[in-house]
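Working notes, structure below.
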Amino acid sequence: MLNVTPSAFPASGSQQRAAAGGRSKVPLKPGRSLMDWIRLTKSGKDLTGLKGRLIEVTEDELSKHNKKEDCWICIRGFVYNVTPYMEYHPGGEDELMKAAGTDGTDLFDQVHRWVNYESMLKECLVGRMAVKPIAALKGVLPEKRVLASSAKDLSPSYDWFQTDSLITIVIYTKQKDMNADLVIVDCQDKQLRGEIIMDDHSYLVEVDLDHAVSEDVAVNIAEKVGKVEIILNKKDNIHWKMLGQPCEGHNTFIKRTDRGLFYRKCKLVSKTEVTHDTKLFCLMLPKGTHLRVPTGQHIYLKHIIAGTEVVKPYTPVLPFLPLDFQEPPCHDGVHLYLMIKIYSHGLFTQALDHLQIGDCISVSNPEGNFKKSQVQTSEDLLLLAGGTGFTPMVKLLNFALTEVSCLRTVKLIFFNKTEDDILWRNQLEQLALKDERFEVQFILSQPSKDWVGKQGKISPSLLSEFVKRSRRDSKVLICICGPTPFTEQGVQYLKDLGYSQEEIHAFTA
Ligand code: FAD
Ligand code: NAP
C-alpha cells in the first residue's frame, strides 16, 4: 500500500504539488514524499544532532541556527531542527527558511495550522524555549490571554444550574443570530467541551465534570438573544456542589486560529461507491457530540499511518442531492457524509479505503472562510468544479435552491477527465430537469471518441461561453474549487473577464 514509485512523484495536480491557500507547492525530489519522511523518522537516525538529548534553547541560541544546513524553528515554544525535513517540505525549502532561527508560530498558523507538526517533527525536537525571567515578561503576555477592553465587553459568559436530574449550562454569547452551526459540544465520560464560534473568535467552556452524566446531550439555542443552553442528564440524582474542574482553555474567548483543532472519534458506518475511484463514507458522530458542518466548510480527518499522525481536509456533502427540497437526512445531527476519491498511490486515501465498517477515525471541528451570506443576496450562482472540487458545491447548491429567495439561476460547470469520473451525474441531470433555475454543463478534458458534449480544460474561451449574468446588472457569485492550478487559473480568467474579487469565492484549505 505504501510502496510508492518515487520517480513519478508527485503526480501532476497532486496534493504534493499543489498547495491550498494559493501557495504553490514545489515538485519534490524523488524519494522525498510524506511516506519517505515517515520512513526516515522511523529509521532511528539522529535527526537533531543531539543524540536524543533535549535542551533548553535561548532566543540567542535559536537565532544562530538560521541556515539551510543548520536550521532550527520554534513552534509554540518547542524548537525543531528542520534541516533534515527541508527536502520533504511540500511548500519548498524557501518557505521553511522564512522562519529559520526564529519563532515561526504565526507563519505556521497562517499557512497550515492543521498540519500535525508535533507528530511529523517529533524526531526533530531539539527542546523547549528557555523561559524568560519574569521581569522581562511584563507587558508581553501572549495576546490571546489579554483581551482589549472592547473585546472583554463582547466576551461571552456562562452560568449553570441544576434540577434533580439535569445540569444546564447557559452561555450568554451577547450575539444575535446564534445558530446550531456555531455551537459544538462534546461530552464524553466526564469531560465536557462546549465551543461557540463567533466570527473569527471562539468561546470555550471546558470542564472535567464533578459527577457522571449520561451520553445524551441536548443543545437549545435562543437565537434572538444569543443564549445557548447545554443540557446534560445526571447519571445519579445527587446534588452537585460544583460544575467541575476547569480545564486549560475554560472560559476563554480567543481568536479561532489560537485554539488548537479539537478531534473526536467517529465510527465508519458505511462506504458506498460513487464512481470507479470515489466513495461516499458515512461517519457517525459520538452520542455526546453536537456538531454541524456549515455550508462551504471542511473538516480534517486524522489517522495514524505507520505510527505518524497524518491529517487531511475533506468537505462534507449530503447523502444525495435532495430533489424534493426537504431537509436532507444528514441534518439528523448524527451522520457526516464524505465523498472521497481514492488515489491508487495516495497515502491517506489508501489508508481510508482500508478502514472497515465499525472502525473509528478522528474528525476535527469545521473550518473555512465561506459565509452563507455571500450567497444570500445573489441572483446568479455559478459553480465551477474540477473533480472532487464538486464537494463544497453540494451543500451550496442545496442551500441556494432551498433558501435563497432572490436566486434566479444556478449553473454548475463541472470539469472532469472522462465520463466515468463525473460524480452524481444522474442526480445532477435529474435536478436540472426538476428545477428550471438549475443547469449543469459537463466538460471533459480526456473524453472518449463517443463524447458529444463539451471538451477542454478551464480556459478563457470556455468561461466566457458559460459564465454569464442572467441580466446585465444581476448580482452574481462565482464559486470555484478543484486542483489548485485549476482554481488559480480559473480565478485569474474570471478577473480577466471583468468579474470582481467580491464576486468570486475560491475554496482552498
Ligand atoms: P497524496 O498522497 O497526497 O497523493 C495525491 C496524488 O498523488 C494522487 O494522484 C496519488 O496517486 C499521487 N501520488 C502520491 N504518491 C505518489 C507517488 N509516490 N508517485 C506517484 N504518484 C503519487 N478530496 C476528496 O476526495 N474529497 C473532499 O471532499 C476533499 N475536500 C478537500 C477540502 C480541502 C479544503 C482541501 C484542501 C482538499 C480536499 N480534498 C478532498 C483533498 C484531500 O485533502 C487529499 O489531498 C486527497 O484525499 C489526497 O490525499 P492522499 O494522501 O491520498 O494523496
Ligand atoms: P482530477 O480528476 O485530476 O481533475 C479534474 C479536472 O480538472 C480534469 O478535467 C482535469 O484535467 C482538470 N485539471 C487538473 N489539473 C489541472 C490544471 N493544472 N489546470 C487545468 N485543469 C486541470 O481532479 P481530482 O483528482 O478529483 O482532484 C480534485 C482536487 O480538488 C484536489 O486537488 C483536491 O484537493 C481539491 N479539492 C479542494 C477542496 C477545497 O475545498 N479546497 C474540496 C475538494 C477537493 P486534466 O487532468 O486532464 O488536465
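Every residue, every condition in (1) modelled with pLDDT of 95 or more; (2) closer than 21 Å to PRO366 by Cβ; (3) assigned to a strand (DSSP E or B), yes or no:
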site	(1), (2), (3)
TYR203	yes, yes, yes
GLU206	yes, yes, yes
VAL225	no, no, no
HIS250	yes, no, no
LEU261	no, yes, no
VAL269	yes, yes, yes
THR272	yes, no, yes
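Kindly check whether there is at least one residue in region 130-144 that is β-branched (Val, Ile, Thr), modelled with pLDDT under 75 and closer than 22 Å to VAL205 by Cα.
First, the residues of region 130-144 that are β-branched (Val, Ile, Thr): 131, 134, 140.
Next cut, modelled with pLDDT under 75 only: 134, 140.
Those left that are additionally closer than 22 Å to VAL205 by Cα: none.
Within region 130-144 (the criterion being β-branched (Val, Ile, Thr), modelled with pLDDT under 75 and closer than 22 Å to VAL205 by Cα), the answer is no, since none of the residues qualifies.
Search region 442-485 for residues being outside any strand (DSSP E or B), β-branched (Val, Ile, Thr) and open to solvent by less than 80 Å² (accessible area, probe 1.4 Å), and hand back the single one that is nearest to GLN374 (Cα to Cα). Steps first, answer last, please.
As a first pass, look at region 442-485 and keep what is outside any strand (DSSP E or B): 445-453, 456-475, 482-485.
Keeping just the survivors that are β-branched (Val, Ile, Thr) gives 452, 458, 467, 484.
Still in the list and also open to solvent by less than 80 Å² (accessible area, probe 1.4 Å): 458, 467, 484.
Numbers: ILE458: 24, VAL467: 18, THR484: 22 Å.
Of everything passing the filter in region 442-485, VAL467 is nearest to GLN374 (Cα to Cα).
Within region 385-414, can you find the residues that are under 23 Å from the mean Cα position of the chain (by Cα) and either among the aromatic types (Phe, Trp, Tyr) or surrounded by fewer than 19 Cβ atoms within 10 Å (Cβ to Cβ) (or both)?
Matches in region 385-414: PHE390, PHE399, PHE414.
Collect the residues in region 445-477 that are aliphatic (A, V, I, L, M) and out of contact with any Phe, Trp or Tyr (no Cβ under 6 Å at 6 or more places or on another chain), keeping them in residue-number order. Write out each step before concluding.
Kept after step one, since they are aliphatic (A, V, I, L, M), are these residues of region 445-477: 452, 458, 462-463, 467, 476-477.
Selection gives VAL452, LEU462, VAL467, VAL476, LEU477.
Every residue, every condition in (1) over 16 Å from GLY387 (Cβ atoms); (2) within 13 Å of ligand 2 (Cβ to nearest atom); (3) modelled with pLDDT of 95 or more, yes or no:
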{"residue": "GLU436", "(1), (2), (3)": "yes, no, no"}
{"residue": "SER445", "(1), (2), (3)": "no, yes, yes"}
{"residue": "TRP451", "(1), (2), (3)": "yes, yes, yes"}
{"residue": "ILE458", "(1), (2), (3)": "no, yes, yes"}
{"residue": "VAL467", "(1), (2), (3)": "yes, no, no"}
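What's the total number of residues in region 341-351 that are within 14 Å of ligand 2 (Cβ to nearest atom), surrounded by 18 or more Cβ atoms within 10 Å (Cβ to Cβ) and within 21 Å of the chain's Cα centre (by Cα)?
So the count comes out to 4.
Show the residue pairs meeting these rules: Cβ distance below 7 Å; 6+ apart or different chains; first residue within region 242-268 and at positive phi; second residue assigned to a strand (DSSP E or B) and of a type in the set (A, V, I, L, M).
Correct list of pairs: GLY244/VAL207; GLY244/LEU209; ASN251/VAL205.
Tally the residues that are surrounded by fewer than 20 Cβ atoms within 10 Å (Cβ to Cβ) and modelled with pLDDT of 95 or more, restricting the search to region 367-384.
0
Taking into account only those residues within region 489-509 that are buried (at least 18 other Cβ atoms within 10 Å of the Cβ) and assigned to a helix (DSSP H, G or I), which is farthest from ligand 2 (Cβ to nearest atom)?
Of everything passing the filter in region 489-509, GLU503 is farthest from ligand 2 (Cβ to nearest atom).
The values are calculated or read from the model by the stated rules, or taken from the named source; none is laboratory data. Everything numeric here is computed off the predicted structure, so don't read it as measured data. Here the Cβ is made from the backbone with ideal geometry for all residues, glycine too, and neighbour counts use every protein chain on show. SASA here: full protein model, heavy atoms, side chains in, ligands and nucleic acids out. Shrake-Rupley method; radii C 1.70, N 1.55, O 1.52, S 1.80 Å.
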